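Shown next, in structure tokens, is the structure this report addresses.
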Amino acid sequence: MQTHQTTVDPSEIAKFEAMAAEWWDPNGKFKPLHMLNPCRLDYITSQIAAEFDRDLTGPDAFEGLRILDIGCGGGLLSEPMARLGAEVVGADAAERNIPIAKVHAEQSGLTIDYRHTTAEDMAEAGEQFDVVLNMEVVEHVADPLGYLTACRQLLKPGGLHICSTINRNPKSYMMAIIGAEHVMRWLPKGTHEWNKFITPDELFDLMRNAGLDPVDRKGFVFNPLTWAWKLSDTDLSVNYVTASLNPA
């Protein structure tokens, strides 16, 4: 990996390096992502299908689409995209994640191009994608605007950018840090820094400044009674997801 990137935060990378071996353990340190994944996938697949006029009920619905999963981790989103027929590149700045993702893809019979690299290096190399998945990453980088600008550069004209993160308010502090890290112990203490959380309005402004055109946002809401996540049009108070287009 080249070393000139400006948005990678080494302390954030170290956190995920330390947890790398647990990516595919549904009861391990990434349990919250395993619980959230069906809801994330519902949003992602519906947005891609709508933008590129694809039928999700048919085989290989995403055939012909090139998708980048930036901050891919162990491949929790890369693998479903590959199963839908897309050409998938999974990229992560945490080197230890890549061999784990590769082995799991091989065991699953999937062909995924996993790389230890950054958005900036890929943009500089001229890589282009129909879709960039940027899920739960922007709150961990040192320069959100620089990072989002690189993500926009990676999109073909008319390409789709899907980005999720965590809102910044007292409720998100209680839920994402006190609740998830200290009470439920779903994540190691210190995984998130509240001052790095980004409000939906701030994220839309960052996207516009990066050259993207925001077109949608929804909340991810956890129901402790059903122990499941759902999408919400109105409740973006903690976790939320956005869709934007590259108008260039």
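Say each of LEU110 and LEU41 gets a label point 7 Å from the Cα, pointing the same way as Cα to Cβ; how far apart are those two points in nm? It is 0.8 nm.
Rolling a 1.4 angstrom probe over the protein heavy atoms with all chains in place gives the stretch 87-179 an accessible area of 37 Å² per residue. Rg/Rh, computed from the Cα trace of the chain with Rh as the Kirkwood radius, has the value 0.93. Note on LEU231 and SER11: with the Förster distance fixed at 45 Å, the Cβ-Cβ geometry gives a FRET efficiency of about 0.90.
Note: relative contact order over the chain, using C-alpha pairs below 8 Å and six or more positions apart, is 19 percent.
Here the calculated FRET efficiency for GLU95 and ASN223, from their Cβ-Cβ distance with R0 = 25 Å, stands at 0.10, rounded to the nearest 0.05. Between the beta carbons of ASP55 and ASP25, assuming R0 = 30 Å, the FRET efficiency works out to 0.35 to the nearest 0.05. At 15 Å minimum axial length over the Cα atoms and a Kyte-Doolittle cut of -0.5, report the qualifying DSSP H helices in the chain, or say none. Membrane-span-like by this rule: 31-52, 97-107.
Split the accessible area of the chain by element, probe 1.4 Å, and carbon with sulfur accounts for 53%. Our estimate of slack between ALA142 and PHE204, defined as 0.36 nm per intervening residue step minus the Cα-Cα distance, is 20.5 nm.
Were the residues from ALA125 through MET174 laid out at 0.36 nm apart, the gain over their Cα-Cα distance would be 13.5 nm. Taking the chain as the region of interest, the number of lysine pairs whose Cα atoms are within less than 25 Å, with members eight or more places apart or on different chains, is 25.
With Cα atoms as the point set, the radius of gyration and Dmax of the stretch 87-174 evaluate to 14.6, 44 Å. Of the residues THR45, THR57, the one with the largest accessible area comes first in the ranking THR57, THR45, computed with a 1.4 Å probe on protein heavy atoms.
The values are calculated or read from the model by the stated rules, or taken from the named source; none is laboratory data. Here the structure is a predicted model, which means the values were calculated and not measured. Counting neighbours? That spans all protein chains shown, and the Cβs are built from the backbone with ideal geometry, glycine included. Surface areas here come from the heavy atoms of the whole protein model, side chains and all, with no ligands, DNA or RNA. Shrake-Rupley method; radii C 1.70, N 1.55, O 1.52, S 1.80 Å.
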